[in-house]
Each structure stands twice: as C-alpha cells, then as structure tokens.
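Everything on this sheet refers to the single structure shown next.
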Amino acid sequence: MKIGTKILILFLTLNFLSCKGSAQETETKKPIPEFDFSTIEKFRETKLKGLIINDYDSIFSPSQRKELSDIIYDYNIETTRQIVVVTIDSISPYSEIQKYATDLGNYWGVGDAEKNNGLTIVMCNPCRQIGIATGLGTELILTDKICKDVIDQTIIPEFKNGNFYDGVKNGVVELIEKWK
C-alpha cells in the first residue's frame with residue numbers, strides 16, 4: 001500500500017471514531033428533578049386523586065376553588081387539555097418556581113402523555129412568585145412569552161391589589177382563550 005492510501009485510511013478511521021464519540025456525547029438525558037415529590041404525602045395523594053385545584057396554602061375560599069375547578073374541568077372535557085393550579089407556602093429546595101412547576105407537573109403527569117398537553121400553574125404567596133409550566137405539546141401554542149405576558153399583564157396586577165383569586169382566575173381564562 002502506498003503511504004497516501006494508508007494516511008487516507010487512518011484519517012477516515014479517526015474521523016469515524018470521532019463522530020461516534022460525539023454522537024454519544026450529545027445523547028439526550030431526561031432532566032432529573034431537584035426534589036422527589038413522592039416523599040411528601042400531599043403530593044402523592046394529589047397525584048392519585050387527580051385534583052385540579054391544589055390550594056395547599058389555603059388562599060382560595062371553597063366557593064372560589066369550586067368556580068375555578070369548574071372552569072378548568074369544563075375546558076378539559078371540551079378539549080382533553082389539562083390544567084392544574086397549585087398554591088404552596090414554599091418552593092424549597094428549589095430556587096426557581098418555574099423549575100418547581102415543571103417538575104411537579106411531570107411528577108403528576110399533567111396532560112395526556114402522548115399529546116403532552118398539560119399546563120401547571122404554581123403560586124407561592126410567601127415567596128411572591130408564580131410560574132407556569134407547559135408540556136411540549138402545549139408549548140407549541142402557549143409559548144414561554146405568552147405565559148410570561150399573562151403573568152405580567154393579567155395576574156401580577158391583581159396580585160398587587162391583593163386579589164389572588166381574581167389574578168389566577170383571569171390568568172386561567174386568558175390562557176384558555178389563547179389556547180383555543
């Protein structure tokens with residue numbers, strides 16, 4: 001064999017091996033949640049019961065929970081899209097409510113698994129934070145920008161006036177309108 005042929009074979013072999021190595025490096029890994037929600041009874045119970053409104057921070061009155069639950073339930077029956085609202089008093093050990101909402105929505109399996117059409121709204125009043133997590137199918141319509149705009153322009157102004165229920169309800173109604 002000529003030296004040029006040997007160099008070419010060596011070059012092609014090294015090129016092939018480097019491609020194989022980089023393909024292995026770019027393999028997608030499933031994100032690991034920061035916290036195991038199954039260790040807390042209330043989250044485990046809620047997953048089993050399939051509740052729509054999870055008012056752990058006791059922000060809403062019973063009639064407000066029922067009204068909001070009816071809005072979301074009717075929308076789910078009409079479209080098969082699922083929305084879950086959660087109020088909590090702490091996002092610990094998380095530092096970002098958005099990540100918390102995403103992990104909780106994934107743990108509960110909000111939305112249809114095939115369509116990935118869930119929406120999880122988490123509000124932490126003591127933390128003064130709210131986050132909206134969407135499934136990948138939902139995100140095609142309700143982008144991060146749309147969700148942020150709903151938070152900033154619809155929900156937060158009501159929160160500043162102490163109207164937490166009105167903020168969440170108006171936000172849910174607006175998200176439903178944009179999702180149709």
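Given the conditions (1) of a type outside the set (Asp, Glu); (2) modelled with pLDDT under 90; (3) in contact with a Phe, Trp or Tyr (Cβ under 6 Å, 6 or more places away or on another chain), which single one is not true for Gly135?
Of the numbered conditions (1) of a type outside the set (Asp, Glu); (2) modelled with pLDDT under 90; (3) in contact with a Phe, Trp or Tyr (Cβ under 6 Å, 6 or more places away or on another chain), the odd one out for Gly135 is (3).
Would you point out the residue of segment 152-180, among those that are within 18 Å of Phe60 (Cβ to Cβ) and assigned to a loop (DSSP other than H, G, I, E, B), that is most open to solvent (accessible area, probe 1.4 Å)?
Step by step, filter segment 152-180, then rank; the result is Asn161.
Restricting segment 85-99 to residues that are in contact (Cβ under 8 Å) with a residue 60 or more places away in the chain and within 13 Å of the chain's Cα centre (by Cα), which is most open to solvent (accessible area, probe 1.4 Å)?
Lys99
Give me a count of the residues in segment 126-142 that are over 22 Å from Ile91 (Cβ atoms) and open to solvent by 50 Å² or more (accessible area, probe 1.4 Å). Step through it out loud before you land on a result.
Residues of segment 126-142 that are over 22 Å from Ile91 (Cβ atoms), as a first pass: 136-137, 140-141.
The next check asks that each one be open to solvent by 50 Å² or more (accessible area, probe 1.4 Å); those that pass are 136, 140-141.
Final tally of qualifying residues: 3.
The values are calculated or read from the model by the stated rules, or taken from the named source; none is laboratory data. Just so it is clear, the structure is predicted and the values come from calculations on it, not from any experiment. Cβ: placed from backbone, ideal geometry, glycine included. Neighbour counts: every protein chain shown. For the accessible areas, the whole protein counts, side chains as well, though only heavy atoms, and no ligand, DNA or RNA atoms are used. Shrake-Rupley method; radii C 1.70, N 1.55, O 1.52, S 1.80 Å.
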